[in-house]
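Heads up, the thing below is written out as structure tokens.
The values are calculated or read from the model by the stated rules, or taken from the named source; none is laboratory data. Keep in mind that this is a model prediction, so the values were computed, not measured. Please note: Cβ atoms are built from the backbone with ideal geometry, for glycine as well, and neighbour counts cover all protein chains shown. Please note that ligands, DNA and RNA were not included when accessible areas were found on the heavy atoms of the full protein model with its side chains. Shrake-Rupley method; radii C 1.70, N 1.55, O 1.52, S 1.80 Å.
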Amino acid sequence: MSSVIIPIMQAHDFFLILLLILVGARIFAELFGRIGLPPVLGELAAGLFLGPSILGWVSLNDTIKMLAEIGIILLLFDVGLETDLRRLKESGWSATLVAIGGFVVPLLLGAALSFYLFDLNLITSLFIGGTITATSIGITVRVLKDLKKNQSKEGEIILGAAVLDDVFGVVLLAILYDFSQSGEVNLLDTGRVLLFITAFFIIAPVAAKLMAVVIQKYDTRTNYPGLIPTAIISLVLFFAWMAHQMGAPEIIGGFAAGLALSRRFFLPFGAMIGEDRHFADKIEKQIRPIVLLFTPIFFVTVGLSINLQKIDWSESHIWFFGGTILLVSVIGKMLFPLLLKSLSVRKRMIIGLSMVPRGEVGLIFAEIGRASGIFENEIYTALIVVIVLTTMLPPLLIKTAYEKI
């Protein structure tokens with residue numbers, strides 16, 4: 001079936017495409033949620049269904065890509081908003097060990113195998129390793145809450161490790177993004193990016209808290225609704241622009257803004273600014289509908305970027321590559337939790353399984369690799385399959401493991 005896209009897009013054509021994306025994302029998210037799978041995978045499936053892989057009704061264009069870019073930034077803002085740094089203090093060294101091991105092992109193994117076994121270049125190999133380091137804190141938290149295990153000892157370790165994993169992942173993404181722009185691995189550039197990120201994460205929370213005080217003050221005085229959503233989205237976009245100016249990807253700005261405005265955020269030298277939990281809850285309540293509007297566009301766009309019909313599935317190399325990366329993705333997350341002697345073997349397995357889901361964070365890595373021209377279609381598709389499998393299977397296995405305790 002031919003695409004609905006024409007060379008010069010008219011407004012009515014764009015409206016139809018956006019309609020298909022939003023409605024398709026919602027329908028598939030509902031279907032996946034009803035059968036116990038993460039809704040984010042439903043949104044990805046909507047892109048596959050509407051795009052060149054199946055129906056061919058929608059193809060990517062610059063306008064949709066820009067909306068997806070906003071979706072990525074708001075998604076990372078939401079991840080930052082949900083990040084609870086106090087979990088690290090509560091879960092202690094166990095969470096730190098799980099996070100560092102689950103970050104370093106997949107990164108090194110994935111990059112080494114891609115470089116030496118599959119003869120890929122260094123930047124592509126590093127991006128592959130980076131893609132499989134991520135842990136989806138959203139999926140992990142949802143599974144634990146559903147099972148009422150988020151306050152258990154292993155639940156605290158899982159959530160603490162997932163928080164630290166998110167921070168590591170975002171920093172790694174910034175470094176890899178710099179590699180993708182320069183086309184080479186340069187230690188001086190890496191040091192510069194790390195310096196900028198450190199400075200940004202020190203300045204951003206204080207700036208965001210000060211801005212929040214101003215927003216809160218004027219929110220009580222204005223007679224016109226909509227001040228908080230307008231001000232906070234403007235703040236996120238400003239942080240995204242500022243991150244780019246400092247040599248980091250724009251999504252770092254979204255993450256930093258969410259982290260700074262989180263009602264669970266604590267910064268010693270920013271404590272004097274104060275923290276109004278009621279106002280933080282109010283921000284989250286009013287911003288969430290906007291986040292939920294834009295983020296499905298990103299996930300559908302990921303599906304639209306894949307053309308399954310152009311892949312030679314009979315080629316053994318694709319299966320070998322995908323299977324190897326899948327194995328590394330699982331082993332890399334399961335290895336260090338097994339070292340926690342204070343817990344039973346089954347609970348250690350549960351911790352490892354809980355760190356396996358890649359979800360939206362892995363998709364962000366993969367999409368940036370594709371958009372930067374680092375991943376060819378076959379590699380990109382294989383990574384998407386790995387992300388989907390590592391996201392779908394662990395929740396089912398975790399539920400089964402808890403039933404046997």
_Filter pass, Arg358 being among the basic types (Lys, Arg), at pLDDT below 90 and out of contact with any Ser or Thr (no Cβ under 6 Å at 6 or more places or on another chain)_ = no
*asked:* Checking the condition modelled with pLDDT under 80, of a type outside the set (Phe, Trp, Tyr) and outside any helix (DSSP H, G or I), which residue from Thr198, Thr222 passes?
replied: Thr222
*From the set of residues in the stretch 318-347 that are in contact with an Asp or Glu (Cβ under 8 Å, 6 or more places away or on another chain) and closer than 21 Å to Lys399 by Cα, which is surrounded by the fewest Cβ atoms within 10 Å (Cβ to Cβ)?*
Leu343
*For the stretch 207-236, enumerate the residues that are closer than 30 Å to Phe179 by Cα and open to solvent by less than 40 Å² (accessible area, probe 1.4 Å).*
Ala207, Ala208, Ile233, Leu235, Val236
*Residue by residue through the stretch 312-333, note down the ones that are of a type in the set (A, V, I, L, M, F, W, C), touching a helix residue (DSSP H, G or I) at 6+ places or on another chain (Cβ under 8 Å) and modelled with pLDDT of 90 or more.*
Phe321, Ile325, Leu326, Val328, Val330, Ile331
*Pick out the one residue from Thr400, Thr390, Thr381 that is in a helix (DSSP H, G or I), open to solvent by 10 Å² or more (accessible area, probe 1.4 Å) and polar (S, T, N, Q).*
Thr400
*Filter the stretch 362-373 down to residues that are among the aliphatic types (A, V, I, L, M) and touching a Leu at 6+ places or on another chain (Cβ under 9 Å) and give me whichever is farthest from Ala134 (Cα to Cα).*
Ile368
_Can you tell me how many residues within the stretch 58-77 are assigned to a loop (DSSP other than H, G, I, E, B), of a type in the set (A, V, I, L, M, F, W, C) and either surrounded by fewer than 20 Cβ atoms within 10 Å (Cβ to Cβ) or touching a Phe, Trp or Tyr at 6+ places or on another chain (Cβ under 8 Å) (or both)?_
1
*Filtering the stretch 341-354 down to residues that are modelled with pLDDT of 85 or more and among the aliphatic types (A, V, I, L, M), which residue is farthest from Ala112 (Cα to Cα)?*
Val345
_Residues of the stretch 298-354 that turn out to be among the basic types (Lys, Arg) and either under 30 Å from Leu67 (Cα atoms) or outside any helix (DSSP H, G or I) (or both), as a count_ = 2
